[in-house]
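Worksheet for the structure shown next.
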Amino acid sequence: MDNITPKERILKKIRAGLLYKNPPRLTGIDLESSVYGEMTSPLPEEFAKSFTATGGKLVFCHNKYDLIDNLADLAENYKWKNIFCWDKDLRKELDDVGFAYLSGKENLENAEASLTTCECLVARTGSVVTSSLKNSRSLIAVPRVHIVIAYINQVVPDIKDAVKFLSNRYGKKQPSAITFITGPSRTADIEMQLVQGVHGPEELYVFLVNIKNNKP
């Protein structure tokens, strides 16, 4: 009878399993190719279909002037008085046209909508990818409406391409947190009824600008 503890016995089995592996039952399995079919439409169109299917609302903008006009129209339609914007480049563009916004963190709780940038957009899933270097968690969770500004060259085919996109951008200095947002916040935890806006925004907009964003 051995005197080893249950913990040591478990670790012994793990070591044995690592040393003596059973031969694979199947060989020649392709682990590199995608399990999905090829996308036949341009990436922005694929993203638009996937994004709207999740409940997101897409606004296509021809240029930055069109972007500002569409933002102003949306704010007027909703009668928003408090739009929160943290990104300094976006704030500069809004300042140039006299678009009113809030920027102090103490005003975030009173914001009716948040205006943010993103890292990239995933065409396959319709997801918005953001990070701690672009936006804080509170910016994409507290206001009832989340508006994302993205550019045509930020659309990537799949999740693995989004990971590669981030790797190429940041190298070894990766963001401390990366968030994939797929549609408005929703849950079915309450009596199996789908409810939106429980853990985040009720509405998610992407303003996709048909120009390349050359800023890092």
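Rounded to the nearest 0.05, what FRET efficiency do Lys79 and Tyr36 have when you use their Cβ-Cβ distance and R0 = 45 Å?
Taking R0 as 45 Å, the efficiency between Lys79 and Tyr36 is 0.60.
If R0 is 22 Å, what FRET efficiency do you get for Asn107 and Arg169 from their C-beta distance, rounded to 0.05?
Once the sixth-power term is evaluated, E becomes 0.15.
So how much slack lies between Lys64 and Lys12, counting 0.36 nm per residue of separation and subtracting their Cα-Cα distance, in nm?
12.5 nm
Could you put His146, His62 in order, starting from the residue whose Cβ has the fewest other Cβ atoms within 10 Å?
The order, fewest Cβ neighbours first, is His62, His146.
Quickly estimate the mean residue ellipticity at 222 nm for the chain, helices only: each DSSP H run with n ≥ 4 gives -39500 (n - 2.57), and the total goes over all residues, rounded to 500.
Calculated from helices alone, the mean residue ellipticity at 222 nm is -9000 deg cm²/dmol.
Distance from a point 7 Å along Cα→Cβ of Asp89 to each backbone N in the range 106-131: keep the residues under 12 Å and list them by number.
The answer is 117-120.
How high is the relative contact order of the chain, given as a whole-number percent (alpha carbon pairs under 8 Å, six or more residues apart)?
24
Report, ordered by chain and residue number, the aspartates and glutamates lying within cross-link reach of Lys172, taken as a straight Cα distance under 20 Å and ignoring same-chain residues fewer than 8 apart.
Candidates past the 8-residue exclusion: Glu119, Asp161.
Taking Cα centroids, how far is the range 1-24 from the range 111-173 in Å?
Taking the Cα centre of the range 111-173 as reference, the centre of the range 1-24 is 44 Å away.
Could you work out the local net charge near Asp158, counting Lys and Arg as +1, Asp and Glu as -1, over the other residues with Cβ closer than 12 Å to its Cβ?
Every neighbour counted, the sum reads 0.
Counting Lys and Arg as +1 and Asp and Glu as -1, what is the net charge of the other residues whose Cβ lies under 10 Å from the Cβ of Ala123?
Net of charged neighbours comes to -2.
Could you order the peptides 154-160, 107-113 from most to least packed, using the average number of other C-beta atoms within 10 Å per residue?
154-160, 107-113
First select every other residue whose beta carbon is under 15 angstrom from the beta carbon of Leu74; then total the charges, Lys and Arg +1, Asp and Glu -1.
-3
Only the coordinates and a few stated rules stand behind these numbers; no lab work does. The structure presented is a predicted model; accordingly, all values stated were derived computationally and were not measured. FYI the Cβ positions are ideal-geometry reconstructions off the backbone, even for glycines, and counts take in every protein chain you see.
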